[in-house]
Ligand SMILES: *Cc1c(COP(=O)(O)O)cnc(C)c1O
């Protein structure tokens with residue numbers, strides 16, 4: 001069709017990749033492709049959802065006041081420091097649109113969360129991806145070296161999706177001390193509950209007024225389908241992000257569910273136990289087969305596989321489990337369900353058998 005005969009999106013939008021969804025999720029028994037919780041919400045959370053549903057004809061509070069109050073109390077910060085929204089993705093987007101835009105640069109490590117280049121592009125800013133170090137962890141020195149006068153923000157995903165790698169508290173503090181105070185640091189802690197190190201971004205907020213921490217109810221709290229996340233930062237930054245946020249961004253049902261899930265310590269403890277066991281189990285099984293994997297601070301394991309990522313994904317689907325493949329890099333598998341972990345290992349065995357019978361073919 002002629003351009004000129006239809007509405008044209010902004011050029012930056014037309015140039016961006018679409019979000020991809022994992023292959024095969026409708027055909028499999030287990031989903032290990034999106035880092036969802038392996039347990040459905042607890043009965044008390046389901047009840048809270050039903051109760052809230054009975055008032056669905058009414059608008060929620062403008063800014064999710066009840067959930068904000070709960071989070072502020074739990075984290076020992078002021079309510080003004082907390083912004084809630086329809087998932088941490090939405091809050092990342094609102095923050096980028098508040099602080100970045102045309103003519104500015106946003107730095108992030110790469111490979112990391114596939115949403116970052118898209119969110120940065122939608123904000124109109126230029127993405128500056130900085131390769132991870134050889135061990136798959138963030139190369140903080142290289143990220144600092146990438147700062148220019150145009151840099152407005154740095155996104156740090158810790159633990160990192162999809163490699164599961166973590167940077168320690170001391171490294172992050174040294175990094176924050178060197179970032180210019182005019183550059184906003186977005187610390188994405190979507191997997192903080194599963195972390196193996198003691199880094200807790202909220203504990204750093206007093207010392208670093210250019211820091212914003214993002215967390216979610218989608219993973220350890222099992223509410224991915226309802227969309228609830230939060231940001232904790234300085235009161236000033238939070239005030240500006242609230243200005244850029246859509247009113248009523250958190251639904252009544254999501255708010256009630258998040259409040260109940262946040263108070264349900266048994267549920268998250270069960271999820272954490274299943275995940276910790278699953279990580280150890282899957283990593284041990286992979287190591288036995290000659291595939292060393294990085295220690296993971298997430299609810300998933302990263303399988304570096306420069307040759308064969310897509311083949312392993314296809315093999316996993318054939319074994320009844322969806323995983324996430326990144327061409328030429330590796331495969332990310334969510335853990336917590338024993339049968340799904342076994343299916344991944346069986347798919348690795350299948351793949352090794354294929355390789356053994358194909359002269360010249362290698363995987364790593
Ligand atoms: C899953 C995930 C999120 C969470 O997104 P929600 O919008 O809260 O569901 C954010 N960041 C990373 C790195 C993730 O993997």
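Quick note: the coordinates plus some simple rules give every number you see, no bench work behind them. All values derive from a computational prediction rather than experimental measurement. Cβ: placed from backbone, ideal geometry, glycine included. Neighbour counts: every protein chain shown.
With contacts taken as Cα pairs under 8 Å at a separation of at least 6 residues, segment 281-364 carries a relative contact order of 30 percent. Springs join every pair of Cα atoms under 10 Å in this Gaussian network model of the chain, and among 191, 113, 19 the largest mean-square fluctuation is at 19. Roughly what % of Cα-Cα distances in segment 97-185 sit above 17 Å, to the whole percent? Distances greater than 17 Å cover 44 percent of the Cα pairs. When DSSP beta bridges are restricted to pairs lying wholly in segment 55-263, around 30% turn out antiparallel. Which shape class applies to segment 166-295: rounded if a/c is under 1.5, otherwise prolate when a/b exceeds b/c and oblate if not, where a ≥ b ≥ c are the square roots of the Cα gyration tensor eigenvalues? Because a/c hits 1.5 or more and a/b fails to exceed b/c, segment 166-295 counts as oblate. Taking every DSSP beta bridge with both residues inside the chain, roughly what % is antiparallel (nearest 5)? Antiparallel bridges make up about 45 percent of those DSSP assigns within the chain. Treating the Cα atoms of the chain as identical point scatterers in vacuum, please give the log10 of the normalised Debye intensity I(q)/I(0) at q = 0.09 Å⁻¹, two decimals. So the normalised log intensities are -0.53. Annotation for residue 146 and residue 73: the two label points, set 7 Å from Cα along the Cα-Cβ direction, are 4.1 nm apart. The modelled label-to-label distance for the pair residue 58/residue 183, using points 7 Å beyond Cα in the direction of Cβ, is 4.7 nm. For the chain, the relative contact order comes to 23 percent (Cα pairs under 8 Å, sequence separation of at least 6). Is the shape of segment 206-364 best called rounded, prolate or oblate, per the rule: a/c under 1.5 gives rounded, else a/b larger than b/c gives prolate, else oblate, with a ≥ b ≥ c the square roots of the Cα gyration tensor eigenvalues? Prolate is the answer for segment 206-364, as a/c is 1.5 or above and a/b outweighs b/c.
Modelled label positions at residue 318 and residue 16, each set 7 Å beyond Cα in the direction of Cβ, lie 3.7 nm from each other.
Note on the chain: GNM, Cα springs under 10 Å; of 37, 21, 150, the largest mean-square fluctuation is that of 21.
Taking a ≥ b ≥ c as the square roots of the eigenvalues of the Cα gyration tensor, segment 1-63 is oblate, since a/c reaches 1.5 or more and a/b is not larger than b/c. Here the relative contact order of segment 55-263, from alpha carbon pairs under 8 Å that lie six or more residues apart, stands at 28 percent.
Calculated mean residue ellipticity, 222 nm, the chain: -11500 deg cm²/dmol, from DSSP H runs (n ≥ 4) at -39500 (n - 2.57) each, averaged per residue and rounded to 500. From most to least packed by mean Cβ count within 10 Å, the peptides 55-67, 341-353, 260-272 give 341-353, 260-272, 55-67.
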